[in-house]
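Chemist: First, the structure itself, so that you have it in front of you.
The values are calculated or read from the model by the stated rules, or taken from the named source; none is laboratory data. Because the structure is a prediction, the values reported are computed rather than measured. Here the Cβ is made from the backbone with ideal geometry for all residues, glycine too, and neighbour counts use every protein chain on show.
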Amino acid sequence: MIAGRAVVAGEAEGEALVTSDALSFWGGYDFHTGEIIDKRHPLAGVRAAGRILAVPFSKGSSTTTAVLLEAVRAGTAPAAILTTGVDSFFALASIVADVMYGKSFPVIALEAADFALLRSGERLVVERSGLIRTK
Amino acid sequence: MLQLTDRDRSMLNGDRGPAPQLAMSILVRMADVYGAGELMDISQAHVDSTIYLGDATLEFAERLASLGARVAVPTSSNVSGVDECGWRDWAVSPEWAAKAARQMLAYERMGAVPTWTCAPYQTNMRPSFGQQIAWGESNAIAFANSVIGARTERYPDLLDICCAITGRVPAIGLHLTEHRAGQMLLQLVDVPLALQQDDQFFAVLGHLVGTLAGDRIPVIDAVVVQPAEDELKAFAAAASSSGRVALFHMIGVTPEAPTLEAAFQGRAPEQTIAITTAELRAARAELTTADGRELDMVILGSPHFSLAELSRLAPLVAGRHVHPRVKFLVTSSRLMKERAHDTGVLAPIAAFGAQITLDTCILASPMLPPEIKTLMTNSAKYAYYAPSLLNTRVTFGSLADCVRSAIEGRVVRDESLWQTA
């Protein structure tokens with residue numbers, strides 16, 4: 001069990017998709033398909049829709065938030081996003097998705113040491129308190 | 001715990017209308033995310049939310065506009081999703097053009113100045129040193145903070161407009177002196193003067209710095225040339241594409257870094273990394289994904305080409321003509337095109353066979369026809385994003401390389417400075 005900070009609180013369950021490389025969603029995520037498309041990223045070609053995406057922080061474009069909002073609207077967003085430290089971009093996308101569509105996704109900030117424990121393929125449950133456990 | 005002023009609270013309560021209420025409600029939730037104790041005033045904004053992606057960005061813009069939203073501070077607009085006058089020359093669908101134009105109209109109704117450029121610092125809305133601003137657009141954020149010394153956090157789309165409508169931002173991060181100190185030192189070691197003088201150098205260095213910096217503020221030392229403004233623009237755009245650089249210091253170059261001591265505010269760097277010619281060569285190689293000599297299009301202008309850049313291009317192309325198989329496109333702003341026209345710089349570029357797209361760029365508007373598969377550019381930002389966003393292959397080179405390749409109809413690069421010995 002890992003205790004994170006619920007930057008945007010919510011519940012989610014899904015398969016973990018973990019990377020140690022930062023990601024820009026603009027130029028990095030296709031909101032039509034929910035696939036990671038940044039050819040320079042280790043997760044290129046992997047579908048993140050509905051999964052619990054663990055990415056240390058956002059990088060690159062300011063439009064990352066808008067891509068994520070489109071993804072929420074299209075139903076292709078990750079089920080939750082786990083980061084190291086507080087990432088304001090992911091938080092904002094979730095907050096605006098809540099305002100616009102009444103749909104948000106949990107954004108949880110973890111200590112780097114806890115983040116390093118995550119493994120792709122694990123089935124994770126994210127609780128409203130920010131607690132993350134394997135199922 | 002967030003302390004709001006009476007004015008903040010009146011916005012949040014809806015006393016000032018539904019639009020400030022919506023904007024303030026988002027801002028207050030974000031202030032909590034940032035851990036801000038209070039909000040503070042800004043005197044200018046640059047809105048990146050103008051980029052049309054799909055129904056969600058349009059619905060957000062039209063919701064604010066329909067609530068009667070007005071910006072509270074002078075606000076410039078970033079690129080949109082369409083060149084309103086020129087889109088019919090390209091592969092943009094009428095449906096896309098119509099929706100992107102609706103999104104532009106929504107931000108104009110809110111009072112944003114129709115600059116439609118990702119280089120707002122090269123318009124008359126350039127902020128000043130120390131000015132508190134809320135800017136979106138990664139390259140513009142890095143430029144405003146680092147090259148001008150204005151103060152903005154790294155604001156994302158959808159939040160920038162909330163700051164503009166309320167005139168307020170969370171009092172955190174890069175707005176505050178103590179968070180502007182350098183964190184890591186990147187020292188050029190034995191990088192020859194000739195390489196530093198090459199017009200690709202600062203874009204390549206920026207690309208490398210972005211990949212090395214992670215989420216820290218980098219300080220670059222031992223640059224021996226004085227970069228031109230457009231070289232710093234290329235650096236900022238590259239570093240904020242390959243990385244998340246929102247502020248950098250360059251010793252002896254940028255305004256908050258007259259000395260190492262000043263750049264680090266008297267603290268010690270968390271880490272020091274040497275940058276050698278070998279690493280710069282490798283970084284430059286990363287910007288090229290094409291392996292042959294085929295060339296469909298030369299693309300210049302991310303960030304938007306300035307008058308100075310157009311003025312450098314003009315003599316290189318004067319009296320020449322682009323190869324019939326190759327397109328040559330420059331993305332720029334309305335203002336720069338007008339200035340270039342007035343100063344006579346535009347005529348030789350048009351006679352060369354170059355096209356100019358305004359208000360947007362190839363990354364923000366689906367304008368390239370599918371037969372365009374291989375690009376060449378002198379922009380590290382175009383080189384970084386085009387392979388993933390456009391599914392094209394790209395070659396990075398100097399401005400002269402780009403022009404020569406366009407004339408010959410195949411990729412030609414002068415590698416004398418960059419080849420491994």
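Chemist: Quick one: in region A:1-42, of everything that is more than 10 Å from every other protein chain (Cβ to nearest Cβ), free of Cβ contacts under 8 Å to residues at least 60 places away in the same chain and not in a loop (DSSP other than H, G, I, E, B), which residue is farthest from B:Asn391 (Cα to Cα)?
Modeler: A:Leu23
Chemist: If you don't mind, there's one more thing I want to ask. Filter the strands (runs of 3 or more DSSP E) completely within region A:57-126 down to those with at least 2 residues that are under 12 Å from the mean Cα position of the chain (by Cα) and over 17 Å from A:Gly34 (Cβ atoms). Don't jump to the end; show me each part of the working.
Modeler: Working: elements: A:80-84, A:107-110, A:123-126.
Answer list for region A:57-126: A:80-84, A:107-110.
Chemist: So which of B:Glu256, B:Glu231 is touching a helix residue (DSSP H, G or I) at 6+ places or on another chain (Cβ under 9 Å), assigned to a helix (DSSP H, G or I) and not small (Gly, Ala, Ser)?
Modeler: Details: B:Glu256 fails: assigned to a helix (DSSP H, G or I).
Residue meeting the stated conditions: B:Glu231.
Chemist: Being of a type in the set (D, E, K, R) and either farther than 26 Å from A:Val86 by Cβ or more than 14 Å from chain A (Cβ to nearest Cβ) (or both) is the requirement here; does B:Glu95 meet it? Please lay out each step first, then the result.
Modeler: Values: of a type in the set (D, E, K, R): yes; either farther than 26 Å from A:Val86 by Cβ or more than 14 Å from chain A (Cβ to nearest Cβ) (or both): yes.
Here the answer is yes, as B:Glu95 does meet what is asked.
Chemist: What about B:Gln226, is it within 22 Å of B:Ala278 (Cβ to Cβ), surrounded by fewer than 19 Cβ atoms within 10 Å (Cβ to Cβ) and polar (S, T, N, Q)? Even if it seems obvious, please write down each step before you answer.
Modeler: Details: within 22 Å of B:Ala278 (Cβ to Cβ): no; surrounded by fewer than 19 Cβ atoms within 10 Å (Cβ to Cβ): yes; polar (S, T, N, Q): yes.
No, not satisfied.
Let's see how each residue does on (1) under 24 Å from B:Phe202 (Cα atoms); (2) in contact with a Lys or Arg (Cβ under 9 Å, 6 or more places away or on another chain); (3) not in a loop (DSSP other than H, G, I, E, B):
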{"site": "B:Ala290", "(1), (2), (3)": "yes, yes, no"}
{"site": "B:Val298", "(1), (2), (3)": "yes, yes, yes"}
{"site": "B:His304", "(1), (2), (3)": "yes, no, yes"}
{"site": "B:Leu310", "(1), (2), (3)": "yes, yes, yes"}
{"site": "B:Leu313", "(1), (2), (3)": "yes, no, yes"}
{"site": "B:His323", "(1), (2), (3)": "no, yes, no"}
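Chemist: Pull out all pairs, ordered by first then second residue, where Cβ-Cβ is under 9 Å, the residues are six or more apart or on different chains, the first lies in region B:25-47 and is without any contact (Cβ under 8 Å) to a residue 40 or more places away in the chain, and the second is surrounded by fewer than 18 Cβ atoms within 10 Å (Cβ to Cβ) and aliphatic (A, V, I, L, M).
Modeler: Once the first residue is without any contact (Cβ under 8 Å) to a residue 40 or more places away in the chain and sits in region B:25-47, its partners that are surrounded by fewer than 18 Cβ atoms within 10 Å (Cβ to Cβ) and aliphatic (A, V, I, L, M) give B:Ser25/A:Val99; B:Val28/B:Leu2; B:Val28/B:Leu4; B:Arg29/A:Val99; B:Asp32/B:Leu2; B:Val33/A:Val86.
Chemist: Mind listing whichever residues of region B:91-123 are closer than 21 Å to B:Ile165 by Cα, of a type outside the set (Gly, Ala, Ser) and surrounded by fewer than 20 Cβ atoms within 10 Å (Cβ to Cβ)?
Modeler: If the condition is that a residue be closer than 21 Å to B:Ile165 by Cα, of a type outside the set (Gly, Ala, Ser) and surrounded by fewer than 20 Cβ atoms within 10 Å (Cβ to Cβ), then B:Arg102, B:Leu105, B:Glu108, B:Arg109, B:Val113, B:Pro114 are the ones that fit.
Chemist: Quick one: what pairs do we get from region B:236-261, first residue under 17 Å from B:Gln200 (Cα atoms), second among the hydrophobic types (A, V, I, L, M, F, W, C) and in a helix (DSSP H, G or I), C-beta under 6 Å, 6+ apart or different chains?
Modeler: B:Ala236/B:Ala142; B:Ala236/B:Phe143; B:Ala238/B:Ala203; B:Ala238/B:Ala380; B:Ala239/B:Val209; B:Ser240/B:Ala142
Chemist: Also, quick follow-up: Out of curiosity, is B:Ser43 among the hydroxyl-bearing types (Ser, Thr, Tyr), within 19 Å of B:Asn145 (Cβ to Cβ) and more than 14 Å from every other protein chain (Cβ to nearest Cβ)? Give the steps one after another, and end with the answer.
Modeler: Working: among the hydroxyl-bearing types (Ser, Thr, Tyr): yes; within 19 Å of B:Asn145 (Cβ to Cβ): yes; more than 14 Å from every other protein chain (Cβ to nearest Cβ): yes.
Taking the combined requirement at face value, the residue satisfies it.
Residues checked against (1) away from every other protein chain (no Cβ under 14 Å); (2) of a type in the set (S, T, N, Q); (3) within 26 Å of B:Ile42 (Cβ to Cβ):
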{"residue": "B:Arg109", "(1), (2), (3)": "yes, no, yes"}
{"residue": "B:Pro114", "(1), (2), (3)": "yes, no, yes"}
{"residue": "B:Pro120", "(1), (2), (3)": "no, no, yes"}
{"residue": "B:Ala140", "(1), (2), (3)": "no, no, yes"}
{"residue": "B:Phe143", "(1), (2), (3)": "no, no, yes"}
{"residue": "B:Val147", "(1), (2), (3)": "yes, no, yes"}
{"residue": "B:His179", "(1), (2), (3)": "no, no, yes"}
{"residue": "B:Gln187", "(1), (2), (3)": "yes, yes, no"}
{"residue": "B:Leu205", "(1), (2), (3)": "yes, no, no"}
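Chemist: Can you confirm whether region B:62-74 contains a residue that is at pLDDT 95 or above and touching a strand residue (DSSP E or B) at 6+ places or on another chain (Cβ under 6 Å)?
Modeler: The first filter runs over region B:62-74 and keeps only residues at pLDDT 95 or above, leaving B:62-74.
Within this subset, residues satisfying the condition of being touching a strand residue (DSSP E or B) at 6+ places or on another chain (Cβ under 6 Å) are B:73.
Scanning region B:62-74 turns up at least one residue that is at pLDDT 95 or above and touching a strand residue (DSSP E or B) at 6+ places or on another chain (Cβ under 6 Å).
Chemist: Based on what the data block shows, is A:Gly14 under 30 Å from B:Ala19 (Cα atoms), at pLDDT 95 or above and among the small types (Gly, Ala, Ser)? Show your work before the answer.
Modeler: Working: under 30 Å from B:Ala19 (Cα atoms): no; at pLDDT 95 or above: yes; among the small types (Gly, Ala, Ser): yes.
Considered against the rule, which asks whether it is under 30 Å from B:Ala19 (Cα atoms), at pLDDT 95 or above and among the small types (Gly, Ala, Ser), A:Gly14 comes out as no.
Chemist: Just checking, how many residues over region B:217-252 are charged (D, E, K, R) and within 21 Å of A:Arg40 (Cα to Cα)? Show your work before the answer.
Modeler: Going residue by residue through region B:217-252, those that are charged (D, E, K, R) are B:221, B:229-231, B:233, B:244.
Adding the requirement that they be within 21 Å of A:Arg40 (Cα to Cα) leaves B:244.
Count: 1.
Chemist: So which residues in region A:88-107 are at the interface with another protein chain (Cβ under 9 Å from one of its Cβ atoms) and crowded, with 21+ Cβ neighbours inside 10 Å?
Modeler: A:Ser88, A:Phe89, A:Ala91, A:Leu92, A:Ala93, A:Ile95, A:Val96, A:Ala97, A:Val107 - these are the residues of region A:88-107 that are at the interface with another protein chain (Cβ under 9 Å from one of its Cβ atoms) and crowded, with 21+ Cβ neighbours inside 10 Å.
Residues checked against (1) modelled with pLDDT of 95 or more; (2) not hydrophobic (A, V, I, L, M, F, W, C):
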position	(1), (2)
A:Arg40	no, yes
A:Val55	yes, no
A:Ala71	yes, no
A:Ala77	yes, no
A:Ala91	yes, no
A:Gly102	yes, yes
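Chemist: Output the number of the condition that B:Ser128 fails; it satisfies all remaining conditions of (1) out of contact with any Phe, Trp or Tyr (no Cβ under 9 Å at 6 or more places or on another chain); (2) away from every other protein chain (no Cβ under 14 Å); (3) touching a residue at least 24 places away in the same chain (Cβ under 8 Å); (4) of a type in the set (S, T, N, Q).
Modeler: B:Ser128 satisfies all of (1) out of contact with any Phe, Trp or Tyr (no Cβ under 9 Å at 6 or more places or on another chain); (2) away from every other protein chain (no Cβ under 14 Å); (3) touching a residue at least 24 places away in the same chain (Cβ under 8 Å); (4) of a type in the set (S, T, N, Q) except (3).
Chemist: On to the next question. Counting just the residues of region B:331-357 that are surrounded by fewer than 23 Cβ atoms within 10 Å (Cβ to Cβ), within 15 Å of B:Cys85 (Cβ to Cβ) and in contact with a Phe, Trp or Tyr (Cβ under 8 Å, 6 or more places away or on another chain), which one comes out farthest from the other protein chains (Cβ to nearest Cβ)?
Modeler: So the residue we want is B:Gln355.
Chemist: Considering region B:286-299 alone, what residues qualify as being closer than 21 Å to B:Glu137 by Cβ and either within 14 Å of chain A (Cβ to nearest Cβ) or under 13 Å from the mean Cα position of the chain (by Cα) (or both)? Before the answer, list the steps.
Modeler: Our first condition is that a residue be closer than 21 Å to B:Glu137 by Cβ; within region B:286-299, this holds for B:287, B:299.
Within region B:286-299, just B:Leu287 meets the criteria.
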